[in-house]
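Just so it is clear, none of the values below were taken in a lab; they were calculated from the coordinates. Being a predicted model, the structure only gives us computed values, none of them experimental. Cβ: placed from backbone, ideal geometry, glycine included. Neighbour counts: every protein chain shown.
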Ligand SMILES: [Zn+2]
């Protein structure tokens with residue numbers, strides 16, 4: 001790497017760091033949690049105010065801005081209407097504050113070189129880094145082969161209606177990176193299948209059953225109300241109490257995200273095994289619960305045959321193994337249902353997974369496909385990915401290989417995009433620094449400045465490519 005260039009970037013960062021953190025603080029003060037849609041504020045007043053302030057900060061930095069009908073906005077360097085362009089994408093909406101904060105979550109504080117406040121890491125801080133990266137390009141006066149847009153979304157946390165709208169009405173970037181994940185770089189996301197197993201028969205001994213709150217999470221709590229003559233003996237994991245002439249069973253497991261089920265214990269599984277072992281269910285109910293038992297026996301879709309649908313030749317080691325989780329059990333229209341969430345590698349599909357489960361459970365349940373997104377993958381050898389990683393290595397001195405995940409981010413919506421930092425889960429954090437979506441959400445100032453250098457250098461490298 002050109003040392004002169006790196007020194008110049010350092011001087012730029014030194015000169016602007018105070019303003020940069022002040023601008024992050026201004027954005028944190030806007031409580032941009034999704035709200036009721038109103039004219040001119042499709043995602044609510046909070047996200048709208050944050051979007052307007054983000055574009056205002058961009059203009060203060062000398063960048064041109066475009067507001068895409070309040071769904072998303074962008075700052076640009078080079079022709080803001082250029083149809084072939086490079087982009088970054090971040091978001092200015094946040095999740096609710098929740099509890100456990102030591103101060104006002106919407107007033108940025110600083111402790112020993114760390115900034116603390118809702119959105120400092122996810123994703124207001126990274127949004128400001130992108131705006132300053134564009135300012136560097138503009139101030140440097142370097143000729144640009146392609147204009148660059150810093151896209152600012154307003155609906156990432158609740159359905160990504162922002163990028164959906166943008167990509168339906170504006171040309172997609174030639175390449176785009178999203179600072180809304182971990183360094184070094186995420187170049188693939190598993191496919192996502194959501195469906196249900198639905199019992200074909202009415203209830204018998206089970207009066208009600210409830211477990212889990214979201215299809216994409218392993219539940220930590222499941223309950224059932226059952227008619228039975230004698231009280232079943234409780235276990236360490238399942239409590240039993242008498243309630244209105246019924247037996248109320250409560251199972252406690254260990255929750256977690258459906259895309260990362262390792263170390264979890266599905267409460268529905270504990271409850272269902274308890275009911276089956278003690279013969280508490282009616283004959284027809286038991287048939288369905290045995291299908292649920294098979295589903296939750298492991299989180300890799302082994303017992304229900306979903307794992308076997310993956311063609312390893314097609315996956316070529318790009319992604320880790322398939323996961324399959326039953327997140328919510330309940331009663332609807334007098335029949336039992338169990339949701340299905342699978343994150344699957346290349347080499348299978350939602351339809352194949354559902355067919356395999358159908359073949360295994362027979363007439364115990366109907367199996368639906370309610371939602372299916374293919375895996376998304378950008379080759380680790382593409383020049384764009386190589387430019388990102390080379391810049392990361394040059395700045396940090398760390399060896400860096402791309403990784404893939406089971407979740408869904410902004411990147412999968414674009415034809416050619418990756419997630420690229422700025423979190424460093426591999427680096428130790430002080431005890432007072434909280435996680436994204438949690439209390440005391442924190443970001444290290446020095447790591448942010450290092451990330452800014454990576455992003456500036458990456459954009460310069462991408463400009464050299466023939467895209
Ligand atoms: Zn985010």
State log₁₀ I(q)/I(0) for segment 191-373 at q = 0.10, 0.18 Å⁻¹ as given by the Debye formula over alpha-carbon point scatterers of equal weight, solvent excluded. -0.37, -1.10
Distance in nm between pseudo-label sites at residue 107 and residue 170 (7 Å out along the Cβ direction from Cα): 3.5 nm
Return, ordered by residue number, the residues of segment 451-467 whose backbone nitrogen is under 18 Å from a label point located 7 Å along Cα→Cβ of residue 139. 451-460
Between residue 254 and residue 298, how high is the FRET efficiency from 1/(1 + (r/R0)^6) when r is the Cβ-Cβ distance and R₀ = 22 Å? Nearest 0.05. 0.90
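Whole number please: convex hull volume per residue, Cα atoms of the chain, in Å³. All intermediate terms of the calculation are to be shown ahead of the outcome.
On the way: hull volume 74.1 nm³, N = 467.
So the per-residue hull volume is 159 Å³.
Provide the gained length on full extension for the span residue 3 to residue 229, in nm with one decimal, where the gain is 0.36 nm per separating residue minus the Cα-Cα distance.
Separation in residues times 0.36 nm, less the Cα-Cα distance, equals 73.3 nm.
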When the Cα centres of segment 231-296 and segment 29-94 are compared, how far apart do they sit, in Å? 47 Å
Potential lengthening between residue 439 and residue 381 on full extension [0.36 nm per residue; Cα-Cα distance subtracted]: 17.1 nm
Segment 140-232: percent of C-alpha pairs farther apart than 16 Å? 78 percent
Quick one: length gained pulling residue 416 to residue 158 fully straight, 0.36 nm per residue minus the C-alpha distance? 90.6 nm
Rounded to the nearest 10 degrees, the helix 45-60 long axis (Cα) sits at an angle to the longest Cα principal axis of the chain of 20 degrees
Measuring from label point to label point, each 7 Å out along Cα→Cβ, what is the residue 239 to residue 17 span in nm? 5.1 nm
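Which FRET efficiency value, to the nearest 0.05, do you get for residue 60 and residue 221 by plugging their Cβ-Cβ distance into 1/(1 + (r/R0)^6) with R0 = 51 Å?
Numbers: r = 48 Å, r/R0 = 0.95.
After rounding to 0.05, the efficiency reads 0.60.
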Measuring from the longest principal axis of the C-alpha atoms of the chain, the long axis of helix 283-295 (C-alpha) lies at a number of degrees, nearest 10, equal to 30 degrees
PRE zone check, label point 7 Å out along Cα-to-Cβ of residue 213, amide N under 19 Å, scope segment 24-54, hits 33-35
At R0 = 51 Å, FRET efficiency that the Cβ-Cβ distance of residue 432 and residue 359 yields, to 0.05: 0.45
Antiparallel versus total DSSP beta bridges in the chain: what percent is that, nearest 5? 75 percent
